[in-house]
1. On C-alpha positions alone, give me the angle between the axis of helix 103-119 and the longest principal axis of the chain, in degrees, nearest 10.
2. Mean-square fluctuation check for the chain, GNM, Cα pairs under 10 Å: which of D82, D41, D128 is largest?
3. How large is the accessible surface per residue of the chain, computed with a 1.4 Å probe and reported in Å² as a whole number?
4. Keeping the other protein chains in place, figure out the carbon and sulfur percent of the accessible area of the chain, with a 1.4 Å probe.
5. From Cα pairs below 8 angstrom and at least 6 apart in sequence, can you work out the relative contact order of segment 1-51, rounded to a whole percent?
6. Write down the percent of antiparallel bridges among all DSSP beta bridges whose residues are both part of segment 1-78, to the nearest 5.
7. Checking the a/c ratio against 1.5 first, then a/b against b/c, what shape does the Cα gyration tensor give for the chain?
8. Compute from the Cα atoms of segment 78-174 the Rg and the Dmax, the latter being the longest Cα-Cα distance, and quote both in angstrom.
Amino acid sequence: MNKLNLIVNGERYELELDTRTTLLDTLREHLHLTGTKKGCDHGQCGACTVMVNGERINSCLSFAVMHDEDEVTTIEGLGEPDNMHPMQEAFVKHDGYQCGYCTPGQICSAVAVLDEIRKGVPSHVTEDINAVPDFTNMEMRERMSGNICRCGAYSNIAEAMADVAGLEMAGNAA
Ligand code: FES
Ligand code: FES
């Protein structure tokens, strides 16, 4: 067993966990934050995507003990039904889901993707890796390729992201 501290959605948790406990199982089984989903448990679907210190990771591929004192943001921390994050609002507006199982991971990933583009992190489709990438449909689709949706809501997810990116470019989004 290992002791560790996690800051999850702004709240500090002191935990004692088996070394082999993944961050995903810690969130779901120990902290009861079940918004983060377990799809494959093998790093292949993106359903477990959360943000750690502002960057997205697959929480099923990461042991909790690797994150002592890290700040984790899950879908619950992004917004609430009566106070949604702009990306959550955009997913509702553009019908970016059907069954919803992949949706928490898609939304966490989408928020982090726009941040990556804003910070100038290149992707495989960025033509000039020295320039800040544009908020293009191709950039967003490439960066979202690790988030699988069995319902095939991809085009609506891309529309939701474009909507938020457009708002951000106009300086209107939070
Ligand atoms: S559950 Fe982590 S990538 Fe599928
Ligand atoms: S909405 Fe069903 S898996 Fe994506």
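1. 60 degrees
2. Ranking D82, D41, D128 by mean-square fluctuation puts D82 first.
3. Numbers: 9180 Å² over 174 residues.
The answer is 53 Å² per residue.
4. The value for the chain is 48 percent carbon and sulfur by accessible area.
5. On the way: 48 pairs, mean separation 11.0, N = 51.
Reported relative contact order: 22 percent.
6. In segment 1-78, DSSP labels about 90 percent of beta bridges as antiparallel.
7. Verdict is prolate for the chain.
8. My reading of the Cα-based Rg and Dmax gives 13.0, 41 Å.
The values are calculated or read from the model by the stated rules, or taken from the named source; none is laboratory data. No experiment lies behind these values; they were computed from the predicted model shown. Ligands, DNA and RNA are stripped out before the accessible areas are found, and what is left, the full protein with its side chains, is counted by its heavy atoms. Shrake-Rupley method; radii C 1.70, N 1.55, O 1.52, S 1.80 Å.
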